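S.K.: Take this structure, written in structure tokens, and hold onto it; I'll ask about it next.
Derivation of every value follows stated rules applied to the coordinates shown; laboratory data play no part. Every value quoted in this text rests on a predicted model; they were computed, and no experiment measured them. Backbone-built Cβ (ideal geometry, glycine too); neighbour counts: all protein chains shown.
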Amino acid sequence: MPARLVVLILLGSVLAGCEDESSPPEVEVFSGELAIAEIKELPPYTYHYTDTVVLTVDGSIYRLEHITNESNLCSSRGKVVGFGTNILRLTPTSTDHQNCDSIKVPQGEFKSVFRGDSLYLGPSAHPFTWIDSSSMNEHTDTMIYDFRLTK
């Protein structure tokens, strides 16, 4: 075989193994339950609310929709970092309601476990500060979020 043909065959096989980096990442959609507890007791926590949610991840963007909403948390969208790793970070950039604040939106770092078509986030503790309107005293509380999702 001429050397030029060998080079072309090798080049073709190398290029065939390369992924097209211009193709967009796959959109991943998970649905399931988000259990919410306050950290007023030691583990195992008593989950006070369980919402049905849909989490959509499109590259570095996420959308979290509350389908049922016992908790009165807000649906949100924003940036996701670490999807597919053991620590996932949600940084909300907008919500579906005007009266949402950081207390009503799951955010921050979550322990994550991917098992085939399942995604588990948490349980993760997320502290927040609020002001009691009657006494104007500042309080710190912590919510526990525990996602159990499937594709």
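S.K.: Ranked highest first by the average count of other Cβ atoms within 10 Å around their residues, in what order do 73-79, 58-64 fall? Display every interim value, and only then the final one.
M.R.: Working: 73-79: 19.3, 58-64: 17.1.
Taking the mean over residues of other Cβ atoms within 10 Å, the ranking is 73-79, 58-64.
S.K.: Kirkwood hydrodynamic radius (Cα pairs, Å) of region 51-151? If you can, show how the numbers build up before the last one.
M.R.: Numbers: mean 1/r = 0.0695 Å⁻¹.
Result for region 51-151 stands at 14.4 Å.
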